[in-house]
Structure formats: C-alpha cells, structure tokens
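Here the structure is laid out as structure tokens; the discussion comes afterwards.
The values are calculated or read from the model by the stated rules, or taken from the named source; none is laboratory data. On a predicted model such as this, the values are computed, not experimentally measured, just so you know. Here the Cβ is made from the backbone with ideal geometry for all residues, glycine too, and neighbour counts use every protein chain on show. The protein model used for the area step is the full one, side chains on, heavy atoms only, and it has no ligands, DNA or RNA in it. Shrake-Rupley method; radii C 1.70, N 1.55, O 1.52, S 1.80 Å.
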Number of protein chains: 2
Amino acid sequence: VKRLALVGCGHIGGSLALALRREFPGLVIVGVDPAAAAAAAAKARGVIDSIAEAPSRDVDAVVVAVPVRSIPPVLESLAGFEGVVTDVGSTKAGAVRAGDAALARFVGGHPMAGTERAGVEAADPALFVGKRVILTPTERTDRAALVFVRDLWARVGARVVEMDAAAHDRAVAAVSHLPHLVAYALAGAVGDAGDFAGLAGGGFTDTTRIAATPPSMWVDVFLENAPEILALVRGFDARLGALRAAIERGDGERIARLIDEARAARAAVLG
Amino acid sequence: VKRLALVGCGHIGGSLALALRREFPGLVIVGVDPAAAAAAAAKARGVIDSIAEAPSRDVDAVVVAVPVRSIPPVLESLAGFEGVVTDVGSTKAGAVRAGDAALARFVGGHPMAGTERAGVEAADPALFVGKRVILTPTERTDRAALVFVRDLWARVGARVVEMDAAAHDRAVAAVSHLPHLVAYALAGAVGDAGDFAGLAGGGFTDTTRIAATPPSMWVDVFLENAPEILALVRGFDARLGALRAAIERGDGERIARLIDEARAARAAVLG
C-alpha cells in the first residue's frame, strides 16, 4: 500500500496509521476528520501527512474509523470508488450493509483493541500487537480486497479471524457492550450512594475501568447494536435477580451455585 | 508481640502471619482452622508453627481470619480471654457486636486487600503494603488494644484508617460487595448467551476479574451485609434501567449524560 486515506483521526485510526507507517516506509496518509481539531492534532503528531475534506480517489485504500453510526454515510459518500475500503467499527451489520451496497471492494473489520483512552494523542502503533481483529466478509466481498485487508492487519501484529456480521454483533454485545453498560450503571450507582472517595479497592477499580471511556463512541454503539444489547440486559437482569432473591431469602447454597456458574462461565469465555 | 494465635489459615490470615514473622523475629504463631487440611498446609508452608484445636490463653493476641459469618461464634468462644483480639472480616457490624459483648480487648478490622486468589498457598507477606486497613473501634474499645492493632498493621505496610462499623459496612457494600455481585451476574449472563470462547477483550476480562473469587467467603459476605447490598442493588437497577430506557427510545443525549455521570462518579471514588 502506497497511498491511504484515513477517515476519522482518533485513537484507533491514529494507532493503525502509526503502525502502518512503520511497516510501509514511504506510505502517504491523507487524513479526513469532521472535527478540524482532530485532523490538525493528527497532522501535528505525524499520524497523517495532509488533511483533506474528503478522501481523494487516487488512494489505494480508505480506512474508515469514525463512530459507528457515522460509518454508513461515509461509505455511501465513497460510492464509485474502485479501491479497497475497510472500517474499524465495533458493530458490523450497518457498515456491511452500506458497504456492500455502495462499494465494489468493501471489507468490514473490527479490531478488538479498545482501551479507556481516546483521541489521537493516545494513538499507539503497538496497540494491535496480539489483538484479535474480526473481519466480516459476505458472499459479495471481493476476495482480493479481503486478502489485502487481512494482510494489513497481520502486518501490524493482529490476529485476524472471520465471522459473519450478525454473529459478530451478538458476540461483541456479550463480551464488550454489556460489560460497558454494566460498568456505567455500577459507577453511577456507587456515585449515587454516597461519598466513598479513597475507599475503593481493586474490585471497584477493575470492574469500572471501562466506564472511564468517553461517551462519544459508546452512545453510537449502544444505539446501533440496541436489539442485541437489550436482549443481553434481560439475561443480565435474570442473573442479578436470581442472586438478589437468594440473598433476600438467605439461601447460601443457591448463592454458592450462582457464583460457581459465574466462575465457570468466565473461565469458558477466557478459554 | 511474641505469641499469636491465628484462627483461620487462609489467604488473608496466612499473608498477615508471613508479614508479621518478617517484622517480629522469634514470633510464635499457633494456627487454628476448622479445616484440618488448611491448618496442615499453613504449617507446611511455615505460616504457623503449630496447630491447635482452639487458641490457647497464653498468647498475646488472637487474629480471627475466618469467613465473616463464623467470626461471632469464634469471638464468643474466646470469652474471658484477656489479650487483644482482632479480626479481618469484610463486614464489621456483626463482629463488633459480638466482640464488644464477649471480650475486654477486641478491635474490629478489615484489610482491603482481597484478590481473586484464595488459600494459604497464595499467601503473600507483601499483600498489605500500601493497602488500606479499616479499624472500627467503638466507645467500648480498649485504647491500648487499638494502638496495638494499629501498630501491627502499620508494621506490615498498611495504611490504617478508622470508621464506625455501620459506615464501614455501607461503604464496602458500595465499593466491593456490589461490584462483586454485578461481576457474578455479568459473567453468568454472558455464559448464558452463547459460546464466546476466545472473543473477550479487556472489557469483559477486567469487568469480571473479581468473579474469579471462589464462593466460600462471598456467600457469607452477601448474607451478612444483605440489607446494605440490597439497597445498593436497587440503586444499580435504577441506573441500568435508565440506560436501557434511553437505548430503547434511541435517546443519545440521555445516554451521553448517563455515561458522563458514571465517569464523574468513578473519578470521585478513585480520588
């Protein structure tokens, strides 16, 4: 890859740009961001070479790294572009639908490398090393484009897996979106309950770490993946309700069983 | 301190014993544990010097490190003992009530140093370095005993603070017990939702880390501190319900506000 357009110069997009620069010397990156300050910060940090209003058509590939609900309109605005287009959105159904409809060589992608940091200031070229990147090709996906995107991610150290978009959205609702929602509710509830400044141990700190994430991207994710998330919230309520009921009636055996099930479930997810 | 009895030879008791040995050369520690295997493991690891059926009366102090609902009966069994008695239970109202009634020199304590590990095998003499230990003296508490216990914890590197037992139990319900309950419900719900082996990123891993804790101590904590915990679960439900309602009606502004409140609350607790 020689010329790349990056649409969305934030933490993930900026990290990918820095990582690709290391791997492809001479790579020219044109940055696009609706927020002029973000593009300027990316240029100042050397993440991008120049700033444009829209991706020019002379690039080999476009990486779309804007909040998820802005991805479909960006993909539609690229209609007719012949190069490879990929995105890094953490929900995939909407992006894949729009990309397949508008573009000849679209590949949906999601690097599972989010942190509680945000902004190009926190961009890190090593962010993807050892992390999983899920690509969501469809029957329509151009095979050469898929190979191209797979190679890009492999070059920056990621482990690439493929999955269909609906299965992806169900899985991330469970392992990422629900944990975020629960962490926000937990931090808020503790804040409502009183002033416990300085009293938290590792439990509160770990459990709510992802609640430090700024709202910009999460509002989009919660709205975009609402049906999957709401289904999981019902399952969560059932589990919490079972624990609460067992506590209310003093049923230690039932509490122990629910804890054992939780530990087994966690161990299974972590493999 | 020259002779000490340790009742409960698990992770916390064992860690304290190892730490005190470093600070008080020649200290003799007599171990008591209802589980013979735990006492034997503690002796094999050099955590205790000998095993007894019950604390002998010739020790200077007794440290009670059994699950919280077993603390009051242990304190009652020590009635008449003239030395200092302290405990490490993570709820304090019941222990303080029993200790004040049965003993002349009882001081309630809670080292906030729990990890997801358990058992004397994981005992670590550095466990308390820089950690907070909350002591819960009452009007009845012997001042010399309080100074003695405060000094013990300071010697093993802990930062000692004092608080009344009811305020302690409210605070730990918020910063420790509710996060544990939520982590168990979350891990269980994700397990119920499907097979996501190997797909979890940092979000699920961090948020559910404390769900790896074995049930033995947590059944007791949830039952012992039930009223405070149940009140917090209601507050948590209100927060989660507000997020869910905002997602259901597609209200991005409300979601953003709830996220901002959560972030501010977290920052306030962490100081």
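I'm trying to understand the selection: among the residues of region B:105-133, which are more than 14 Å from chain A (Cβ to nearest Cβ) and touching a strand residue (DSSP E or B) at 6+ places or on another chain (Cβ under 9 Å)?
B:105, B:106, B:107, B:108, B:109
Can you name every one of the helices (runs of 4 or more DSSP H) wholly within region B:1-95 that holds 1 or more residues which are at pLDDT 95 or above and more than 20 Å from residue B:117 (Cα to Cα)? It would help to see each step written out before you state the result.
Values: elements: B:11-23, B:36-44, B:71-77.
Here the list reads B:11-23, B:71-77.
Can you pull out every residue in region B:107-143 that is touching a residue at least 60 places away in the same chain (Cβ under 8 Å) and outside any loop (DSSP other than H, G, I, E, B)?
B:110, B:111, B:120, B:121, B:122
From the list B:245, B:193, B:212, B:268, which one is touching a helix residue (DSSP H, G or I) at 6+ places or on another chain (Cβ under 9 Å), modelled with pLDDT under 90 and open to solvent by 20 Å² or more (accessible area, probe 1.4 Å)?
Details: B:245 fails: modelled with pLDDT under 90; B:193 fails: modelled with pLDDT under 90; B:268 fails: modelled with pLDDT under 90.
Checking each option against the conditions leaves just B:212.
Taking only pairs six or more apart or across chains, which ones have beta-carbon atoms under 6 Å, a first residue in region B:184-196 that is facing chain A (nearest Cβ under 7 Å), and a second residue that is open to solvent by less than 10 Å² (accessible area, probe 1.4 Å) and in a loop (DSSP other than H, G, I, E, B)?
Sorted first by the residue in region B:184-196, then by its partner, the pairs are B:186/B:208; B:187/B:208.
Just one of (1) among the basic types (Lys, Arg); (2) within 22 Å of the chain's Cα centre (by Cα); (3) more than 30 Å from residue A:166 (Cβ to Cβ) trips up residue A:92, so point out which.
The one condition residue A:92 does not meet is (3).
What is the one condition in (1) at pLDDT 90 or above; (2) closer than 23 Å to residue B:64 by Cα; (3) more than 7 Å from chain A (Cβ to nearest Cβ); (4) out of contact with any Lys or Arg (no Cβ under 9 Å at 6 or more places or on another chain) that residue B:218 does not satisfy?
Tallying (1) at pLDDT 90 or above; (2) closer than 23 Å to residue B:64 by Cα; (3) more than 7 Å from chain A (Cβ to nearest Cβ); (4) out of contact with any Lys or Arg (no Cβ under 9 Å at 6 or more places or on another chain), residue B:218 fails exactly one: (3).
Do we find that residue B:154 is more than 8 Å from every other protein chain (Cβ to nearest Cβ), without any contact (Cβ under 8 Å) to a residue 12 or more places away in the chain and either in contact with an Asp or Glu (Cβ under 9 Å, 6 or more places away or on another chain) or not acidic (Asp, Glu) (or both) in this structure? Before the answer, list the steps.
Details: more than 8 Å from every other protein chain (Cβ to nearest Cβ): yes; without any contact (Cβ under 8 Å) to a residue 12 or more places away in the chain: yes; either in contact with an Asp or Glu (Cβ under 9 Å, 6 or more places away or on another chain) or not acidic (Asp, Glu) (or both): yes.
When the stated conditions are applied, residue B:154 passes them.
Would you pick out the residues in region A:240-271 that are within 7 Å of chain B (Cβ to nearest Cβ), over 17 Å from residue B:214 (Cα atoms) and among the charged types (D, E, K, R)?
A:244, A:248 - these are the residues of region A:240-271 that are within 7 Å of chain B (Cβ to nearest Cβ), over 17 Å from residue B:214 (Cα atoms) and among the charged types (D, E, K, R).
Could you tell me how many of the residues in region B:22-40 are crowded, with 20+ Cβ neighbours inside 10 Å and within 17 Å of residue B:156 (Cβ to Cβ)?
Summing the residues that are crowded, with 20+ Cβ neighbours inside 10 Å and within 17 Å of residue B:156 (Cβ to Cβ) in region B:22-40 gives 1.
Residue by residue through region A:190-247, note down the ones that are in contact with a His (Cβ under 7 Å, 6 or more places away or on another chain) and small (Gly, Ala, Ser).
Across region A:190-247, the qualifying residue is only A:203.
State all residues of region B:23-69 that are acidic (Asp, Glu) and out of contact with any Lys or Arg (no Cβ under 7 Å at 6 or more places or on another chain); if no residue qualifies, say none.
Here is the first cut: in region B:23-69, the residues acidic (Asp, Glu) are B:23, B:33, B:49, B:53, B:58, B:60.
Passing the criteria: B:33, B:49, B:53.
Mind checking which residues of region A:221-239 are facing chain B (nearest Cβ under 8 Å) and open to solvent by 50 Å² or more (accessible area, probe 1.4 Å)?
Of everything in region A:221-239, just one residue is facing chain B (nearest Cβ under 8 Å) and open to solvent by 50 Å² or more (accessible area, probe 1.4 Å), namely A:238.
Out of A:174, A:166, report the one residue that is at the interface with chain B (Cβ under 10 Å from one of its Cβ atoms) and of a type in the set (A, V, I, L, M). So that I can check it myself, show each step before the final result.
Working: A:166 fails: at the interface with chain B (Cβ under 10 Å from one of its Cβ atoms).
So the residue among A:174, A:166 that is at the interface with chain B (Cβ under 10 Å from one of its Cβ atoms) and of a type in the set (A, V, I, L, M) is A:174.
Taking region A:144-162 on its own, how many of its residues are open to solvent by 50 Å² or more (accessible area, probe 1.4 Å) and in a helix (DSSP H, G or I)? Spell out how you get there, then give the answer.
Of region A:144-162, the ones open to solvent by 50 Å² or more (accessible area, probe 1.4 Å) are A:144, A:147-148, A:150-151, A:154-155, A:159, A:162.
Subsequent filtering for residues that are in a helix (DSSP H, G or I) retains A:144, A:147-148, A:150-151, A:154-155.
Final tally of qualifying residues: 7.
What single numbered condition from (1) within 7 Å of chain B (Cβ to nearest Cβ); (2) modelled with pLDDT of 95 or more fails to hold for residue A:206?
Every listed condition holds for residue A:206 apart from (2).
Which condition breaks for residue A:166 when tested against (1) open to solvent by 40 Å² or more (accessible area, probe 1.4 Å); (2) closer than 22 Å to residue A:62 by Cβ; (3) at pLDDT 95 or above; (4) not acidic (Asp, Glu)?
Evaluating residue A:166 over (1) open to solvent by 40 Å² or more (accessible area, probe 1.4 Å); (2) closer than 22 Å to residue A:62 by Cβ; (3) at pLDDT 95 or above; (4) not acidic (Asp, Glu) leaves (2) as the failure.
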